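To keep things clear, I will list the structure first and then write my remarks on it.
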Amino acid sequence: LAAATVASITSRRWRPIGFVGIWFFFLLAPSSSFVPIHTEIAAERRIYLALAAVFVAVAAGVATLYEHRLAGTNAHSVRRTVTVLLVMVVLTLTVLATRRSAQYRSLEVRWRDAVRVTPLNGRAYDNLASALLRDEPARIAEADSVLQLGTSRDSTFMPAYYRRATIAASRNDLPLAESLLVKALDLEPGYAPAVDRLGRVLLATGRPREAAHYFSMVAATQLSAEAFTR
């Protein structure tokens, strides 16, 4: 698309198409390139405004086709055909948009769909587990099963290990919590919540000297009374 945009903008005949392409990339750029958000590798809302350029190109293409290619045949028949096609497209897009919007009414539905379409995405499993934990009452066992599956599919997604460790600690399964936190810190050394929780797990298992090491790491990065009174 970028190459086509550059080629079009340098051609007198296709310059309007090039302008639309530049419009698309300029609208998309602030949220995808100039200001990267590392915690969101993909967010469909970023494309919404940039799609205006696509809609303009499609509308202009239909109008041009009608005026220069089809108008000389049977104007009434062509107009009716184009109208029917546009109505069908609008209805199809309306149904698809409605179905997609319905997923946003439920965190669980949304993230189950994400797991379905991206079964190797650790973030999808972690967010599904988060949705299950937000239920009333929290579906802890199911969330833990989702996280186990998620870490088996994507062993590099640190937050899933931390969330599993939190569940293990709440069940008083401290050895499992410790191993999960160690794994989380292997993936992201210095992650403060994991460092702090590992210190508390070590303290709860009667290892204050080891716990003090991790608490001192927290205090070095978080200048708060709570961090120093661990």
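Structure notes:
- Only one of 99, 112, 123, 79 that is at pLDDT 90 or above, open to solvent by 80 Å² or more (accessible area, probe 1.4 Å) and not aliphatic (A, V, I, L, M): 112
- Within segment 193-213, residues that are of a type in the set (Ser, Thr, Tyr) reach partners that are open to solvent by less than 50 Å² (accessible area, probe 1.4 Å) with beta carbons closer than 6 Å, at six or more positions or on different chains, in the pairs 205/174.
- Long-range neighbours under 7 Å by Cβ, at least six apart or interchain, first residue on the phi > 0 side of the Ramachandran plot within segment 125-143, second open to solvent by less than 70 Å² (accessible area, probe 1.4 Å) and outside any helix (DSSP H, G or I): none
- Filtering segment 8-30 to residues that are surrounded by fewer than 15 Cβ atoms within 10 Å (Cβ to Cβ) and over 18 Å from residue 62 (Cα atoms) leaves 10, 11, 12, 26, 29, 30.
- Any chance residue 45 is assigned to a helix (DSSP H, G or I), at pLDDT 65 or above, within 30 Å of residue 158 (Cβ to Cβ) and out of contact with any Cys (no Cβ under 6 Å at 6 or more places or on another chain): yes
- Residue count for segment 179-194 satisfying the condition of being in contact with a Ser or Thr (Cβ under 8 Å, 6 or more places away or on another chain), open to solvent by less than 60 Å² (accessible area, probe 1.4 Å) and under 20 Å from residue 154 (Cα atoms): 0.
So that you can scan it fast, the table gives a plain yes or no per residue for (1) among the basic types (Lys, Arg); (2) out of contact with any Gly (no Cβ under 6 Å at 6 or more places or on another chain); (3) assigned to a helix (DSSP H, G or I):
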site	(1), (2), (3)
82	no, yes, yes
116	yes, yes, yes
124	no, yes, yes
128	no, yes, yes
144	no, yes, yes
156	no, yes, no
160	no, no, yes
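Conditions (1) open to solvent by less than 60 Å² (accessible area, probe 1.4 Å); (2) modelled with pLDDT under 90, marked per residue:
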position	(1), (2)
153	no, no
161	yes, no
167	yes, no
173	no, no
220	no, yes
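- Any hit, segment 130-137, residues being within 21 Å of the chain's Cα centre (by Cα), basic (Lys, Arg) and assigned to a loop (DSSP other than H, G, I, E, B): yes
- Subset of segment 144-173 (residues that are over 19 Å from residue 188 (Cβ atoms), of a type in the set (Asp, Glu) and touching a residue at least 12 places away in the same chain (Cβ under 8 Å)): 144
The values are calculated or read from the model by the stated rules, or taken from the named source; none is laboratory data. Owing to the predicted nature of the structure, the values given are computational and were not obtained by experimental measurement. Glycine gets a Cβ as well: all are built from the backbone with ideal geometry, and neighbour counts include every protein chain shown. Note: areas computed on protein heavy atoms with side chains; ligands, DNA, RNA excluded. Shrake-Rupley method; radii C 1.70, N 1.55, O 1.52, S 1.80 Å.
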